[in-house]
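**Student:** Quick one: the structure is below, and I'll ask about it shortly.
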Amino acid sequence: MLGEQIAELTTTETGRRVLATVGGPAVEVSMTGTGQLLGVPVREFVTYESELRPDGSLFGEGQGVGMTEKGETYSWHGNGIGHFTEGGAVRWRGSIYFESGADTFQRLNDLVGVFEFENDPTGTGRSVLYEWK
């Protein structure tokens with residue numbers, strides 16, 4: 001069951017490259033983002049890879065690192081399923097797992113986050129993260 005919303009970020013794509021086309025297209029995307037995590041302002045750097053599946057959906061795996069204005073850090077790994085929407089946007093749903101030594105983010109070490117992420121054709125995105133209880 002979904003718990004409380006624990007994060008919301010706005011992202012901007014900073015790079016994209018094709019990794020493979022043999023066996024199906026794979027693309028790597030890098031982004032930066034700003035928002036809040038557990039109510040604390042953060043800045044994140046994210047890279048994910050996505051593979052086009054035979055049914056037209058996407059499978060993606062990614063990782064990110066974030067930092068507060070005070071220098072507290074965290075990292076995460078995640079995966080999800082994406083679907084193209086009208087106009088070339090992509091809608092993702094998936095899960096992420098955190099690691100942090102910062103006191104502010106200790107509770108993240110013991111939870112699973114589930115996310116909704118939408119990225120428009122211009123590379124601007126928005127993600128919302130919930131605790132999965």
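The values are calculated or read from the model by the stated rules, or taken from the named source; none is laboratory data. The shown structure was predicted, so the numbers you read here are calculated from the model rather than taken from an experiment. Neighbour counts are summed over all protein chains in view; Cβ atoms, including those assigned to glycine, are modelled from backbone coordinates with ideal geometry.
**Student:** Of all the residues that make up the stretch 119-130, how many are surrounded by fewer than 17 Cβ atoms within 10 Å (Cβ to Cβ) and more than 12 Å from GLU4 (Cα to Cα)?
**Tutor:** Within the stretch 119-130, residues that are surrounded by fewer than 17 Cβ atoms within 10 Å (Cβ to Cβ) and more than 12 Å from GLU4 (Cα to Cα) number 6.
**Student:** Being of a type in the set (D, E, K, R) and closer than 18 Å to ASP120 by Cβ narrows it down to one of ARG91, ARG53, ARG43, ARG17, so name that one.
**Tutor:** Testing whether each residue is of a type in the set (D, E, K, R) and closer than 18 Å to ASP120 by Cβ leaves just ARG91.
**Student:** To continue, here is another question. Here's a check for you: in the stretch 99-117, which residue that is surrounded by 14 or more Cβ atoms within 10 Å (Cβ to Cβ) and over 23 Å from MET1 (Cβ atoms) is nearest to the chain's Cα centre (by Cα)?
**Tutor:** Filtering first and then ranking leaves SER100.
**Student:** List pairs: first residue in the stretch 55-66 and more than 17 Å from THR10 (Cβ to Cβ) and assigned to a loop (DSSP other than H, G, I, E, B), second residue modelled with pLDDT of 95 or more and not aromatic (Phe, Trp, Tyr) anywhere in the structure, Cβ distance under 7 angstrom, at least six positions apart or on different chains.
**Tutor:** Cβ pairs passing all conditions: SER57/ILE81; SER57/GLY82; SER57/HIS83.
**Student:** Any idea which residue in the stretch 1-23 is modelled with the highest pLDDT, counting only those that are surrounded by 11 or more Cβ atoms within 10 Å (Cβ to Cβ) and of a type in the set (Gly, Ala, Ser)?
**Tutor:** That would be ALA7.
**Student:** Quickly run through the stretch 65-98 and pick out the residues that are acidic (Asp, Glu) and either farther than 15 Å from LEU38 by Cβ or surrounded by 13 or more Cβ atoms within 10 Å (Cβ to Cβ) (or both).
**Tutor:** Across the stretch 65-98, the qualifying residues are GLU72, GLU86.
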